[in-house]
Structure formats: C-alpha cells, structure tokens
Amino acid sequence: MKRRRMSTEYEMDHSYAMPNVNDNSNALLKKIQNVYVNRLLTDITLVVGGVSYPAHRFMLCISSDVFESMLMNSKRSDSHQNVIELQEVPLCIEVFPLFLQYFYTGEITLEHNNIMPMLVLADKYNVKDLTVLCVEYMCEHIADAANQGQLVTWFQYVLSINQPMMVNAAYFCKIWQDTECIKVKPLWNKLFKACRNFIKWNIDTCVDCFNTFQCDVLVGLLKQSDLVVLDEIQLFKYVVSWLNYQTAKKLTECNDSDTVEEYRISLTEHVMSYIRYPMIPPRIIAQLLVEPVLKQNMNFFVEKMAAAMEYNMIKKEEKQSNAKNLLECTPRLYTCPRWGDEFSICQKSIKDFLSVKKEITTNSDLFERDQEKPDRTHWNVELFLKGLWFGKALWISWSDSLVLPEMIVKMVRATIELKLKKDEKMRTFSYLVRVAILVYALQNKITHVVSVVQKVVLFNNEQVKITIDDFMVYDAINRPKTNINDTNVSYIIYESLKFHVIITPIVPGLTDTHIGTRIQHVHF
C-alpha cells in the first residue's frame, strides 16, 4: 500500500490566491527526486550492511531529528565525516534503500514484509511523519497481521518502546487490561490497544504467532478473565505448543541437556500455574494424563488435577465457601456451547425500532460432575439494533397530568432475561452471573471480535431482566459506509451482523481485579 508524506495545509486569505502552488511544488519535488536518483551534488555517504548510499546532509537533517543531531552538532565526530557507517539489524538493512528514498520522494510502499523494519527505522531515526504512516498502516491491518503470524511481534515492539524502567509481574498483568495505569505515548496508544484487544479477544486467530510471546507477556495474558477462547483445554494446548517451541529454541542455544531440562521444568511450572484447571471438565482432565508434558512434570500436574477434580465433585455450597483460589475458579469468556450461543443477523431483515429475539441455554452450575446431567438455564436475548421508539404517553400525578410526546432514541440496546422455572417462581432464589456480549466485525475480509461488553449481574426474584445500552456504535450499523474509528473495520460481515452472548456463573467473593465488573467498550 503506497503512502505519501503528510502534506502541510496552507491557510490563505480569500482575497489573494497564490498562483500555481501545486505546480511549483510538483516541479520542486521532481527536481529533488532527480537529484537523488542521479546522485547529484551528494556530500555524504551512508554505509549500511556493506552497501554505500550517497546522500545529502541537508535532506537527512530536515527529514530526521537523529540525523540532524548527528550531523549538525559540531561536538560530535560524525558531523565531520563524509562516510558514516550505520549498524542495523538484517531486516532493516533490506529496507534501508526504501527508507532513504522516502526522504526525497515523500512516498513509500508499505507491505507486511517491510512494515516492521520500516517502523523500527522510522522510530530509531525519529522520522515522525513516516512513523505516523507506519502506525496508521498497522492499525488498518491488525487482522492481517494475526493471520500472517506477526501480531504478537507488533504488540511486543510497541510495548518495548513504551516500557518504563522498572517493571514487575503486576505491570505485565495491567498491560492486558483497559486501564490508564500503563503510560503509552499518544502516537502509539491506538496501535497498542488495537493489538492488545485483538490478541485477547481473538486468541484462536493468533495461533501462528502464539509461540512468539515473551514469557512475562504471556503470563500476564493468562491471568486475564476476559480472554476469549473456545474453552480452557484449548488454551492449555496453546501453552503446551509454546513450551515445546521455547524448549526447542533453548536447545539450539545450549547443547547442555541437563541445563535445557532444568529450564523446561522451571518454565512449565511457572507458566502452567495460570491455567484454570477447575474450568476443565473431569472427563477431559483424565484424558490429559497421557499428554507428554504431564508425564514429564507429573508431580506438578497431579496436584493441579487433583484440586480441579475436587472442585468438580464436592457440593456446590462447599465449593463456594472453601474456594482457596478465586482466580482459578473464575471462568474466562468461553465460546463453547456450554456457556452461550452466536447470533448471525441479516442486516436487511432488521426493521426500524423492532428487536431481534433468540433463546439461548447455558450450564446452570460453574462446575460439572460426570455422574450428573448438567442443569441448563434458559435466557431470552433481545437486541434493538435500529433504535428505540417510545409512543405518546400520559403521565398522571396527584396534582396534575402531563402528555409525553413520541420519542425516538438512536441507540443500540440489548436485554437479557432469565426464564424462570416453575419452582423458582414460587421460592426465593439468587443467581450470580457474568453476562458478556462479543461483537464481531470485518477487517480486510477477516472476521474477528472487535469489542467486548461485560457485566456482573445478580438475578433474583426482584430482577430477572437487565439492559445493556450502546454495546455497538449506532451509526456504524445504520450507515453502511461508516467504519469503526476510520480503520476500515466494519460491523457488516457479508451483509450480516454477528454477535456471541456468553453467560457464566461466578463464585461469590470476586473483586474487580478478578473479573472486571465495569462495562468494557473499546474499539480499534
């Protein structure tokens, strides 16, 4: 994708117009390009990867703050040299000719195979307009990056250039949360959030780059309760693959088998501690015992599996009161049929002010015992996607009456209603759950979760129905040409809208740190 240098806008008095400004600018640009192509009047040579690139001090200084400091500061030895050798990594060496050419032409073709090294060079030499172009390109190709196994690398690079001097385990947990505790420079903030949210909410799409996670970054991700994944066993398999990759990588760096084995055991116990074993059904846990990773770390895993089996076998009341590790007993946003269902709605079938309804069923209990058929809870989900209409009404009080006019509200609303069983209508009950709505979108023909709205709700005799407003951008649904935040992301997926509603019971005693009770609504 070809990108042009950001142009300067001129404010002009309407009583006087500068003649042929564009023609003069184009002529000057062609002269500058001719000087570069034909290597005319060069006064400095940059050597990168053994290749010489004749250049002009003037163009380097006006294009890059770093080159300006290097060449204009008389106290630096570089300022007096006619030949300067720059040390670059191999990928940056390959794209350096395009990088230098941009100084003269103001145009560059950005692609997936050159975007990362180009961004590294732009950031290293503080070429601000090129950095902006690279960040814009990356925001518009987040889904593509995941598809091509690059997204985790993108995220970790942005993280590295915004990372404070002192970090700890809490820091690597906070980077995955929608919090202002992490200071990200304004230029990088949009890209940082886009990468983070795509990974967290589309981990099944990031399989090709999962193994490139740094250990601390991965552990921070595994601590999150709003991680969207098919189920916990799927996440377990991803981490097993990561461990195998890291062990093989260590083996190429160190031929000492004892050192590698010690490293593998330590890494496995550290990372696998954050898998939520109670969320894995007992029948699946039994099957895992034949996995090689369990055989190699039997003592560690037997303890974890035994605790998980205990949660799934003891009585519900005892499980809630005796739970020692609340985080292990907190479900993530699982997309398997146990905890919810998908909606796919043809956009043309949606009528103004009318709702789309669907009944879904979820497991009633958080834990599952093999000897029992799981109880299922029924829910009525109603989505208002084309606004709300309130008819004319009469409001009457003891002293007066008032006619309320007809009103139309342009907003998106969801209602979730618990369908009570006959015996529940006759007795007092309470049911604590987390309700989440996953909203899907399309970017470059790739479908993915673009936003997550979640809420912790206590359903009881007084409250069997809740409302969640503005879980989508109204204009982006009702005006097809409107993208979400101008990053070519659209809710319209081949003329349809797609959602997934997830409802999971949660253990009493959880705090915001465990689950995040506030509604999250973050778009790319």
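If you scan the range 258-314, which residues turn out to be over 19 Å from Y334 (Cα atoms), open to solvent by less than 70 Å² (accessible area, probe 1.4 Å) and basic (K, R)?
Scanning the range 258-314 gives R264, K304.
I'm checking my understanding of the structure. Among residues of the range 445-469 that are assigned to a loop (DSSP other than H, G, I, E, B) and modelled with pLDDT of 90 or more, which one is most open to solvent (accessible area, probe 1.4 Å)?
Result: K445.
Could you please give the count of residues in the range 348-362 that are closer than 17 Å to R413 by Cβ, open to solvent by less than 60 Å² (accessible area, probe 1.4 Å) and of a type outside the set (A, V, I, L, M)?
Of the residues in the range 348-362, 1 are closer than 17 Å to R413 by Cβ, open to solvent by less than 60 Å² (accessible area, probe 1.4 Å) and of a type outside the set (A, V, I, L, M).
Which fully enclosed strands (runs of 3 or more DSSP E) of the range 370-411 have 3 or more residues being at pLDDT 85 or above and open to solvent by 40 Å² or more (accessible area, probe 1.4 Å)?
Details: elements: 376-384, 388-390, 393-396, 401-404, 407-409.
Qualifying strands (runs of 3 or more DSSP E): 376-384.
Does V184 fit the bill of being over 30 Å from F367 (Cα atoms), hydrophobic (A, V, I, L, M, F, W, C), assigned to a helix (DSSP H, G or I) and out of contact with any strand residue (DSSP E or B) (no Cβ under 7 Å at 6 or more places or on another chain)?
When the stated conditions are applied, V184 does not pass them.
If the Cβ limit is 8 Å and pairs must be 6+ apart or interchain, which residue in the range 280-304 that is more than 20 Å from L230 (Cβ to Cβ) pairs with which residue that is of a type in the set (D, E, K, R) and open to solvent by 50 Å² or more (accessible area, probe 1.4 Å)?
Once the first residue is more than 20 Å from L230 (Cβ to Cβ) and sits in the range 280-304, its partners that are of a type in the set (D, E, K, R) and open to solvent by 50 Å² or more (accessible area, probe 1.4 Å) give N297/E269; F300/E269.
If you check M165 against the conditions, is it open to solvent by 40 Å² or more (accessible area, probe 1.4 Å) and farther than 21 Å from V489 by Cβ?
yes
Hey, could you check the range 346-369 for residues that are in a strand (DSSP E or B) and hydrophobic (A, V, I, L, M, F, W, C) and say which is farthest from V464 (Cα to Cα)?
The selected residue is C346.
Quick check, is R332 closer than 25 Å to E232 by Cα, basic (K, R), modelled with pLDDT of 85 or more and buried (at least 19 other Cβ atoms within 10 Å of the Cβ)?
On the way: closer than 25 Å to E232 by Cα: yes; basic (K, R): yes; modelled with pLDDT of 85 or more: yes; buried (at least 19 other Cβ atoms within 10 Å of the Cβ): yes.
It is true that R332 is closer than 25 Å to E232 by Cα, basic (K, R), modelled with pLDDT of 85 or more and buried (at least 19 other Cβ atoms within 10 Å of the Cβ).
Which condition from (1) at pLDDT 90 or above; (2) at negative phi is the one that G50 breaks?
The single condition G50 does not satisfy is (2).
Which of the residues belonging to the range 68-90 are surrounded by fewer than 15 Cβ atoms within 10 Å (Cβ to Cβ) and among the aliphatic types (A, V, I, L, M)?
Once the filter is applied, which keeps residues that are surrounded by fewer than 15 Cβ atoms within 10 Å (Cβ to Cβ) and among the aliphatic types (A, V, I, L, M), the range 68-90 yields M72, V83, V89.
Every residue, every condition in (1) aliphatic (A, V, I, L, M); (2) surrounded by fewer than 19 Cβ atoms within 10 Å (Cβ to Cβ), yes or no:
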position: Q148; (1), (2): no, yes
position: L159; (1), (2): yes, no
position: K174; (1), (2): no, yes
position: D178; (1), (2): no, yes
position: K193; (1), (2): no, yes
position: C209; (1), (2): no, no
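Mind telling me which of the residues A414, A393 ends up being touching a residue at least 40 places away in the same chain (Cβ under 8 Å) and either closer than 30 Å to T205 by Cβ or not aromatic (F, W, Y) (or both)?
Of A414, A393, the one residue that is touching a residue at least 40 places away in the same chain (Cβ under 8 Å) and either closer than 30 Å to T205 by Cβ or not aromatic (F, W, Y) (or both) is A414.
Regarding the range 503-517, can at least one residue be identified that is touching a Phe, Trp or Tyr at 6+ places or on another chain (Cβ under 6 Å), modelled with pLDDT under 90, under 23 Å from N202 (Cβ atoms) and open to solvent by less than 10 Å² (accessible area, probe 1.4 Å)?
Within the range 503-517, none of the residues are touching a Phe, Trp or Tyr at 6+ places or on another chain (Cβ under 6 Å), modelled with pLDDT under 90, under 23 Å from N202 (Cβ atoms) and open to solvent by less than 10 Å² (accessible area, probe 1.4 Å).
The values are calculated or read from the model by the stated rules, or taken from the named source; none is laboratory data. As the structure is a computational prediction, the values presented were derived from the model and not from experiment. Neighbour counts are summed over all protein chains in view; Cβ atoms, including those assigned to glycine, are modelled from backbone coordinates with ideal geometry. The accessibility values were calculated without ligands, DNA or RNA, using every heavy atom of the protein model including side chains. Shrake-Rupley method; radii C 1.70, N 1.55, O 1.52, S 1.80 Å.
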